[in-house]
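Reading through the structure tokens given below for one structure.
The values are calculated or read from the model by the stated rules, or taken from the named source; none is laboratory data. What you are looking at is a predicted structure, and each value in this text was computed from that prediction instead of being measured. In this analysis, Cβ positions are derived from the backbone assuming ideal geometry, glycine residues included, and neighbour counts consider all displayed protein chains.
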Amino acid sequence: MIPKSHPRYLSLKTRDNIVNGVKMGITSEHGLIAHGRGEAFDYLIGEKTRKFGLEAIDAAAFLLVSAKNPVISVNGNFAALCAKDIASLGKKIPAKIEVNIFHTSKKREVKIRDFLIKNGAKEVLMPSTGIVKYIDHNRRYCNPLGIGSADVVFVPLEDGDRCQALRKMGKEVITVDLNPLSRTSKSASVTIVDNVIRAMPLLIKAVERYRSFSKMELNARIRKYDNKKILSKSLNYISKRFS
Ligand code: ATP
Ligand code: MG
């Protein structure tokens, strides 16, 4: 047990959740390494949600509530860290939830689905006969009713190839990625540079706030958003903190 008084309590607790994810067969061992990279970038932004994160969270909420078929794509890290919030976000938007993992394993996909359902998700789609074009590995399978026909996909902690492929298919892609230099961050429509455990509760609140906005108002706000500017704001923030 980590004592709550420990100055790095939250960070250590989050590590525990990822390690438990591996033990439960939800998260891949490679997920531990991805998490470590995330931690390093979180250190650089002071482990707090910053203004560039909040602006991107708002833009993500605009896109999600105005989408025709929004889908939340869930991998092993995201499930281990945010299962309850994933279920709640799915209900609030409302959006479909689909399991999609990088290192394909049927067994792990089923475990992720069951874990999400245990944590309150009503229905969880699995990859099947849908195809994500432009990628040639076995990660190209998706659900035709989910990611296959989605106009907006929310894919936190995503790999660059897949993010680029989804964009090429004409979909709006929202990601959460602590590394503003990753290929995912650069190719997404909206990049939330923040820890997914902090971003999710804020995104749920933003969706509640903007759900009643008119389509016109939402579109106007989406048009104003500039993801390149958000990424450079995050990099400027990091460089200023250390100069
Ligand atoms: P890319 O494929 O986009 O170029 P990559 O190969 O460097 O990126 P991946 O392992 O594909 O990285 O994806 C993991 C990404 O998720 C990393 O950029 C990492 O910083 C980020 N990440 C890990 N844990 C978290 C977290 N808890 N919150 C937000 N981002 C995270
Ligand atoms: Mg990658």
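For this structure, a couple of remarks:
- For segment 135-146, taking the residues that are within 21 Å of the chain's Cα centre (by Cα) and either of a type in the set (F, W, Y) or in a loop (DSSP other than H, G, I, E, B) (or both), the one that is farthest from I97 (Cα to Cα) is identified as I135.
- Qualifying residue in segment 122-130 (condition: more than 16 Å from ligand 2 (Cβ to nearest atom) and within 15 Å of the chain's Cα centre (by Cα)): no
- Residue count for segment 1-36 satisfying the condition of being away from ligand 1 (no atom under 15 Å from the Cβ) and more than 29 Å from T104 (Cβ to Cβ): 8.
- Where A87 falls short, out of the listed (1) in a loop (DSSP other than H, G, I, E, B); (2) within 28 Å of N20 (Cα to Cα); (3) small (G, A, S): (1)
- Some residue of segment 11-22 being assigned to a loop (DSSP other than H, G, I, E, B) and either in contact with an Asp or Glu (Cβ under 7 Å, 6 or more places away or on another chain) or modelled with pLDDT under 95 (or both): no
- Filtered residue count, segment 1-10, keeping only those that are in a loop (DSSP other than H, G, I, E, B) and surrounded by 13 or more Cβ atoms within 10 Å (Cβ to Cβ): 1
- Number of positions in segment 151-183 that are within 15 Å of ligand 2 (Cβ to nearest atom), part of a strand (DSSP E or B) and over 14 Å from M200 (Cβ atoms): 1
- Within segment 133-146, residues that are free of Cβ contacts under 8 Å to residues at least 60 places away in the same chain sit with their Cβ atoms under 6 Å from residues that are assigned to a helix (DSSP H, G or I), at 6+ positions apart or across chains, in these pairs: Y134/A165; Y134/K168; I135/D161; I135/A165; C142/G148.
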